[in-house]
Amino acid sequence: MSCALRVVAAVGREPSVHPAPFAADSLTEAARLEAPGGVYAVFSTWHGRRVVRLGHHLDRLRDSAHRLGIDRFELSADLLRREVCLVMDDAGIAEGKVRLSVHPDDPRSVLVAVESYPGPPEREREHGVACMTRARSARDNPLAKQTDWLKTRDAFAADGVYEWLLTDAQDRVLEGSSSNFYAIVDDPSGSALLQTAGDGVLSGIARSIVLEIASSEVPVSLVPVRTDRLASLREAFMSSSTRGIVPIVRIDGRDVGDGAPGPITRRLMRRYDERALELAEPLCGSAGAAVAHAGATDDQQTRLVRALDQARAEAEEQAQEAEALRMAGAIVASTLDVERTVQLVLDQALNVVAYDTATVQLLRGNELEVIGGNGWDDISAIVGLRIPCPGNNPHSAAIEHRSPTVYGDLMREFPAFTSIGGTTISSWLGIPLIVHDEVIGLLALDSTSIDFFTAKQIRLAAALGDHVAVALHNARLYEQANELAMTDSLTGISTRRSFFAMADTALRTTIHTDTEFSVLMADLDRFKAINDRFGHAVGDEAIRRVVEAAQEILRRTDLIGRYGGDELAVVLPQTGAAGAVAIAERLRSRVTQTRIPGMEGELTVSIGVRACRPHHGDQIDVILDQADQALFEAKRLGRNRVVLWDPAYSGRDGQIEFST
């Protein structure tokens with residue numbers, strides 16, 4: 001395989017073309033020979049030299065250059081298109097993979113490298129690939145595509161590894177070494193959920209298409225999956241602009257799911273290919289290129305060509321803007337989860353308007369509270385931040401004006417807000433989020449450059465803000481309604497329905513990891529007598545106190561729910577019989593020490609325990625029923641005790657008559 005190379009000074013009216021300073025046999029070799037410190041973009045052609053969202057690739061190249069301080073970089077998209085086509089023609093390449101790179105020492109030139117590329121091997125897409133995780137290998141600057149990354153990637157190359165999955169210090173899988181990564185997991189209700197990192201990754205063209213099409217197939221969570229959950233994944237896949245979607249069937253030597261591409265991945269592959277074909281545009285063949293190839297020299301014809309090229313470029317730009325806003329609106333509205341909505345907002349805002357840092361803020365009384373952010377070195381220092389409103393800050397000005405508000409030099413206007421969370425802010429753009437004529441919050445975009453935001457960017461951000469406000473409002477309403485349905489109003493713990501769903505998920509995870517699993521069923525002794533003698537208010541308080549006692553004893557990984565009346569259920573993952581009985585005894589003892597205002601006598605509880613090492617086919621309702629049988633045995637033996645389930649207890653349910 002040979003690689004065609006050319007240096008193009010793609011500025012002005014006509015390009016200046018020079019030979020490349022080196023020769024290479026492949027695109028990868030060319031990338032290794034590039035001078036360090038530059039930026040790059042990679043795309044491929046297909047179906048007759050068509051490219052998916054070429055304008056987005058070139059915008060990413062500009063944005064990467066800006067982020068690395070290559071501010072003198074200029075790019076004429078039409079001239080660059082034309083030169084790439086000429087390189088392919090001269091090299092006899094029908095369909096190719098194209099790499100464009102810019103070096104800071106020569107920011108007005110673009111190194112064009114092209115190799116023949118028929119597309120990803122069909123075997124990879126049909127049967128899937130194997131990947132390995134690499135600890136603490138996240139990119140230093142994931143928002144810029146840097147030429148130095150290939151050398152970093154080469155340092156941990158290994159035979160037999162199709163792609164490395166990069167993890168951060170919290171053991172979260174962020175992305176692949178040259179792709180985005182997606183995991184399909186079980187959510188608390190047992191349904192499928194697609195998880196992918198919301199920040200700390202390259203947010204490219206392929207990723208935006210995946211998020212767009214996935215929203216109608218499966219709920220999306222922009223929270224990266226942890227490495228300790230990889231063994232329990234349903235499915236996994238990666239995406240890149242040159243390969244599309246590629247299934248992942250093994251990670252770290254373990255099968256993902258059943259070791260074959262899953263049904264959701266296959267549906268997304270098909271829909272991705274269809275959507276990419278819809279978005280593909282010709283790389284070559286514009287009116288300008290046709291005349292240029294014909295060698296036209298007439299001044300009038302040249303002016304006409306330029307006018308046609310400019311008109312086409314403007315039309316394409318407007319179409320790209322409309323498409324970006326349409327897609328962003330659809331993706332932002334694809335979920336009713338507040339946290340996911342916030343992450344989608346920040347992710348899609350970056351596709352519409354370039355920024356360095358951003359926050360989503362909700363108006364709570366006389367303060368704006370930051371509920372999410374992107375691009376910050378320490379997001380924990382940002383989330384939860386409260387900003388007075390009204391107050392002497394740019395946020396209050398935007399809320400007061402109820403319209404997009406921009407400050408090109410924040411140091412001059414609001415010097416106290418130029419450094420937040422260790423990040424310096426020079427330009428600030430605030431978009432009030434308004435629903436039904438009520439301001440509910442603010443989308444704030446920041447840049448480290450003075451006078452960064454243009455009139456066009458402000459217009460696009462304002463249009464996005466309309467989608468964001470409605471989506472965030474709907475998500476908050478849904479979350480409030482869902483909390484009422486999933487949380488017991490008396491105790492604040494899970495209702496029976498939500499507990500059962502979470503317990504079932506915990507059981508399936510335990511089966512995947514082949515560990516121990518225990519369930520407790522606890523019931524207050526003589527609860528009816530407590531209600532009859534002291535009143536229902538005292539009975540309610542007794543239930544609350546028992547729940548509080550349980551929460552003080554249980555671990556963060558344990559689950560607790562109100563199973564019905566005065567009966568509580570507890571799931572203890574990775575806990576065997578001895579550990580479960582010990583926890584149950586601690587709870588029983590703690591309850592006997594509890595005093596309830598208005599109640600005479602001792603409060604006691606009976607607890608049934610079921611411990612097991614579950615296998616495929618085991619059902620959570622059966623395990624809970626066995627714990628309930630042990631609870632009935634505890635009642636039969638005199639109450640105020642813990643009983644571990646025994647097979648002999650099966651069938652007794654309903655045969656015991658006594659006051660609980």
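The values are calculated or read from the model by the stated rules, or taken from the named source; none is laboratory data. Since we're looking at a predicted model, the values are computed, not measured. Every residue, glycine as well, gets a Cβ built from its backbone with ideal geometry; the counts of neighbours run over all protein chains shown. Remember, those area values only see protein heavy atoms, side chains included, never the ligands or the DNA or RNA. Shrake-Rupley method; radii C 1.70, N 1.55, O 1.52, S 1.80 Å.
Data for the structure
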read-out: In region 147-200, the residues that are over 18 Å from VAL225 (Cα atoms) and open to solvent by 50 Å² or more (accessible area, probe 1.4 Å); value: ASP148, LYS151, THR152, ARG153, ASP154, ALA155, ALA157, ASP159, GLY160, TYR162
read-out: Qualifying residue in region 144-153 (condition: touching a Lys or Arg at 6+ places or on another chain (Cβ under 6 Å), over 30 Å from GLY259 (Cβ atoms) and part of a loop (DSSP other than H, G, I, E, B)); value: yes
read-out: Residue satisfying all of: in region 223-239; touching a Gly at 6+ places or on another chain (Cβ under 9 Å) and open to solvent by 10 Å² or more (accessible area, probe 1.4 Å); modelled with the highest pLDDT among these; value: GLU235
read-out: Any hit, region 41-51, residues being open to solvent by 10 Å² or more (accessible area, probe 1.4 Å), hydrophobic (A, V, I, L, M, F, W, C) and in contact with a Gly (Cβ under 7 Å, 6 or more places away or on another chain); value: yes
read-out: Residue tally, condition surrounded by fewer than 20 Cβ atoms within 10 Å (Cβ to Cβ) and in contact (Cβ under 8 Å) with a residue 40 or more places away in the chain, over region 405-419; value: 2
read-out: Scan of region 125-150 for residues that are under 22 Å from the mean Cα position of the chain (by Cα) and modelled with pLDDT under 85, ordered by number; value: ALA138, ARG139, ASP140, ASN141, PRO142, LEU143, ALA144
read-out: Residue within region 73-89 that is open to solvent by 50 Å² or more (accessible area, probe 1.4 Å), under 25 Å from SER208 (Cβ atoms) and either at pLDDT below 90 or of a type in the set (Phe, Trp, Tyr) (or both) present; value: no
read-out: Candidate set from region 240-262 (those that are part of a strand (DSSP E or B) and over 20 Å from PRO120 (Cβ atoms)); member that is most open to solvent (accessible area, probe 1.4 Å); value: ARG254
read-out: Residues being touching a residue at least 12 places away in the same chain (Cβ under 8 Å) and either open to solvent by 70 Å² or more (accessible area, probe 1.4 Å) or among the β-branched types (Val, Ile, Thr) (or both) - total across region 107-131; value: 8
read-out: Wholly enclosed helices (runs of 4 or more DSSP H) of region 1-106 bearing at least 3 residues farther than 15 Å from TYR117 by Cβ and not hydroxyl-bearing (Ser, Thr, Tyr); value: 54-67, 77-91
read-out: Within region 263-275, considering residues that are without any contact (Cβ under 8 Å) to a residue 40 or more places away in the chain and either farther than 17 Å from LEU211 by Cβ or within 21 Å of the chain's Cα centre (by Cα) (or both), the one surrounded by the fewest Cβ atoms within 10 Å (Cβ to Cβ); value: PRO263
